[in-house]
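The structure under discussion appears below in the form of structure tokens.
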Amino acid sequence: MVAGKKPEISASRDLSFLVMGDWGRKGFYNQSMVAAQMGRVGEELGTQFVISTGDNFYDSGLTSVDDSAFSSSFTNVYTAPSLQTTWYTVLGNHDYLGDALAQLSDELVRRDSRWFCRRSFQLNYTLCDMSNAGTCNATVDMFFFDTTPFIDEYWSPNETRTFDWRGLAPRPEQLQSQLDELAEGLSASTATWKIVIGHHTIRSIGHHGDSTELIQKLLPLLEKYDVDVYINGHDHNLQHIKREDCPIHFFTSGAGSKAYSGLNPYTDEQGVKFAHDGQGFLAVTMKAGFMSFTFFDVLGDIIYSYTLQK
């Protein structure tokens, strides 16, 4: 297997998965409640995998590959049968405050085979229309992207926190390399659906709000290559934003544990279709002709649904 890549997955049925971020608090701050409802919904939908949008372990990532927080915040919390599947994971800024390389290490896979974490990687899925003689003409490409190095604040001379930048090139080279790699993947993609997943917000009315650096550097690529959806965490809430001046749908799912940081006032121009200041998660179901997004709250109730069609 090439580093950072996963083999193509083919399907003869629908694709369903869960998305959740900002969670690793040893079961506290309702993390265990969210986990229980994820297990229930995952069973009902027959989900094939889980996506984590980063900030996997609070407050400062893992100390090493042997850190007990990996078990107390992950293995011992997400115990439902439906969650015993691959977790495709990106790093968040809190993960970089610890031993970031530990989360990228195969040692964690040996501790829990569900774990798959890389700075960036791609998934490819084929969707088959079983009502049309099993025709498999629809595809989805998912691009996982490491947003943390893009945020200026973390590199500021006045920054008092220590980020684990080991393994990265000098920042200008690192950012350009990541953008070039994503552009290459997006330009080569002929998928019906293109989804990009990162930790930080691009558009948000949450506590952190928009990420100016990603608006300047990442968003133009997403627009140029006709990305349908950008999914992120970072803000500890659930949101769906679709602005009139941008073709991309922005979904925030960063409510895996501690939440209630507040929402900022917004105007019609900001395109807020839904925002929930509380814990919960996102379920995505894809068929050959459409993609459905459903937000569940901490009690497992459906609080919002939206469907994209092609």
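The values are calculated or read from the model by the stated rules, or taken from the named source; none is laboratory data. The model shown is predicted, which means the values in this text are computed figures rather than measured ones. Cβ placement follows ideal geometry from the backbone for every residue including glycine, while neighbour counts extend to all protein chains displayed. Calculation scope for accessible area: heavy atoms of the full protein, side chains included, ligands and nucleic acids excluded. Shrake-Rupley method; radii C 1.70, N 1.55, O 1.52, S 1.80 Å.
Specify which of the listed residues (Ile215, Ile202) is open to solvent by 10 Å² or more (accessible area, probe 1.4 Å) and within 18 Å of Gly92 (Cα to Cα).
Just a single option satisfies the conditions, and that option is Ile215.
Yes or no, residue by residue, for (1) closer than 18 Å to Thr53 by Cα; (2) out of contact with any Cys (no Cβ under 9 Å at 6 or more places or on another chain); (3) open to solvent by 70 Å² or more (accessible area, probe 1.4 Å):
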site	(1), (2), (3)
Phe121	yes, yes, no
Thr135	no, no, no
Glu153	no, yes, yes
Glu173	no, yes, yes
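Could you check segment 22-36 and list, in sequence order, the residues that are within 25 Å of Thr285 (Cβ to Cβ) and either of a type in the set (Asp, Glu) or open to solvent by less than 40 Å² (accessible area, probe 1.4 Å) (or both)?
Result: Asp22, Trp23, Gln31, Val34, Ala35.
Condition check: closer than 21 Å to His200 by Cβ, at pLDDT 95 or above and open to solvent by less than 40 Å² (accessible area, probe 1.4 Å). Does Thr89 satisfy that?
Considered against the rule, which asks whether it is closer than 21 Å to His200 by Cβ, at pLDDT 95 or above and open to solvent by less than 40 Å² (accessible area, probe 1.4 Å), Thr89 comes out as yes.
What pairs come up if the first residue lies in segment 129-142 and is at pLDDT below 85 and among the hydroxyl-bearing types (Ser, Thr, Tyr), the second is part of a strand (DSSP E or B) and open to solvent by 20 Å² or more (accessible area, probe 1.4 Å), and their beta carbons are under 7 Å apart, counting only those six or more places apart or on different chains?
Correct list of pairs: Thr135/Asp129.
List pairs: first in segment 252-265 and more than 13 Å from Tyr58 (Cβ to Cβ), second among the β-branched types (Val, Ile, Thr) and open to solvent by 70 Å² or more (accessible area, probe 1.4 Å), Cβ under 8 Å, 6+ apart or cross-chain?
No pair meets every condition.
Conditions (1) in contact with a helix residue (DSSP H, G or I) (Cβ under 6 Å, 6 or more places away or on another chain); (2) closer than 29 Å to Ser32 by Cα; (3) open to solvent by 30 Å² or more (accessible area, probe 1.4 Å), marked per residue:
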| site | (1), (2), (3) |
| --- | --- |
| Thr252 | no, yes, no |
| Gln270 | no, no, yes |
| Met286 | no, yes, no |
| Leu299 | no, yes, yes |
| Tyr304 | no, yes, yes |
| Lys310 | no, no, yes |
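Select from segment 46-72 the residues that are of a type in the set (A, V, I, L, M), touching a strand residue (DSSP E or B) at 6+ places or on another chain (Cβ under 6 Å) and surrounded by fewer than 24 Cβ atoms within 10 Å (Cβ to Cβ) and list them in ascending order.
Val50
Specify which of the listed residues (Leu282, Leu238, Leu222) is over 15 Å from the mean Cα position of the chain (by Cα) and surrounded by 15 or more Cβ atoms within 10 Å (Cβ to Cβ).
Within the list Leu282, Leu238, Leu222, the selection yields Leu222.
For Ile303, which of the numbered conditions (1) of a type in the set (A, V, I, L, M); (2) over 16 Å from Asp228 (Cβ atoms); (3) in contact with a Ser or Thr (Cβ under 6 Å, 6 or more places away or on another chain) fails to hold?
With (1) of a type in the set (A, V, I, L, M); (2) over 16 Å from Asp228 (Cβ atoms); (3) in contact with a Ser or Thr (Cβ under 6 Å, 6 or more places away or on another chain) applied to Ile303, the lone miss is (3).
Given the conditions (1) of a type in the set (Gly, Ala, Ser); (2) part of a loop (DSSP other than H, G, I, E, B); (3) surrounded by 22 or more Cβ atoms within 10 Å (Cβ to Cβ), which single one is not true for Gly262?
(3)
For Glu159, indicate whether it is of a type in the set (D, E, K, R) and without any contact (Cβ under 8 Å) to a residue 24 or more places away in the chain.
Yes.
Checking the condition in contact with a Leu (Cβ under 7 Å, 6 or more places away or on another chain), closer than 18 Å to Asn56 by Cβ and open to solvent by 10 Å² or more (accessible area, probe 1.4 Å), which residue from Arg110, Arg166 passes?
Step by step, each of Arg110, Arg166 is checked, and only Arg166 is in contact with a Leu (Cβ under 7 Å, 6 or more places away or on another chain), closer than 18 Å to Asn56 by Cβ and open to solvent by 10 Å² or more (accessible area, probe 1.4 Å).
Taking Ser204, is it under 15 Å from the mean Cα position of the chain (by Cα) and on the phi < 0 side of the Ramachandran plot?
For Ser204, the condition - under 15 Å from the mean Cα position of the chain (by Cα) and on the phi < 0 side of the Ramachandran plot - is met.
Inside segment 217-256, can you point out the residues that are out of contact with any Ser or Thr (no Cβ under 8 Å at 6 or more places or on another chain) and of a type in the set (Val, Ile, Thr)?
Correct list: Val227, Val229, Ile248.
For segment 284-306, enumerate the residues that are among the β-branched types (Val, Ile, Thr) and within 18 Å of Ala191 (Cβ to Cβ).
Passing the criteria: Val284, Thr285.
Considering (1) in contact (Cβ under 8 Å) with a residue 60 or more places away in the chain; (2) small (Gly, Ala, Ser); (3) assigned to a strand (DSSP E or B), say which one Ser292 fails and leave the rest.
Tallying (1) in contact (Cβ under 8 Å) with a residue 60 or more places away in the chain; (2) small (Gly, Ala, Ser); (3) assigned to a strand (DSSP E or B), Ser292 fails exactly one: (1).
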